[in-house]
Amino acid sequence: MRHDPKNVPADARHAEETAVAILGWLANEPDMLGRFLALTGVDARQLRQAMDDPGFLAGMIDFVMGHEPTLLAFCEATDTKPEIVASAWRHYSRPGLDSGEY
């Protein structure tokens, strides 16, 4: 179930918008989408349901963030600043050992 946008903080809303943009971009990049699906084990028919799972969104953004050429290709194709993707990544990803959040 999606959250009511009026009750979601702006950071969360922007992170979700970025995740949706990444999925849309992947859908138009068959080779990249195939690689992503192979790495995650998600079936293409499961993508709509998976969009409601914050862990899936984190993994999808992590896929883009983990390979600079992929990040830059997404940013160029969608006119998105890398900082926006990084912000969405931080929103969905759990803190790492080096984050100082433990």
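Numbers below:
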quantity: Residue tally, condition of a type outside the set (A, V, I, L, M, F, W, C) and crowded, with 18+ Cβ neighbours inside 10 Å, over the stretch 78-92; calculated: 3
quantity: Count of residues meeting criterion [β-branched (Val, Ile, Thr) and more than 12 Å from the chain's Cα centre (by Cα)] in the stretch 39-69; calculated: 2
quantity: Those helices (runs of 4 or more DSSP H) lying entirely in the stretch 50-102 with at least 3 residues farther than 17 Å from Leu37 by Cβ and modelled with pLDDT under 90; calculated: none
quantity: Matching residues, the stretch 55-77, being farther than 16 Å from Ala88 by Cα and not small (Gly, Ala, Ser); calculated: Pro69, Glu76
quantity: Of all residues in the stretch 30-77 being free of Cβ contacts under 8 Å to residues at least 24 places away in the same chain and among the acidic types (Asp, Glu), the one that is surrounded by the fewest Cβ atoms within 10 Å (Cβ to Cβ); calculated: Asp31
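The values are calculated or read from the model by the stated rules, or taken from the named source; none is laboratory data. Being a predicted model, the structure only gives us computed values, none of them experimental. Glycine also receives a Cβ, built like all others from the backbone with ideal geometry; neighbour counts cover every protein chain displayed.
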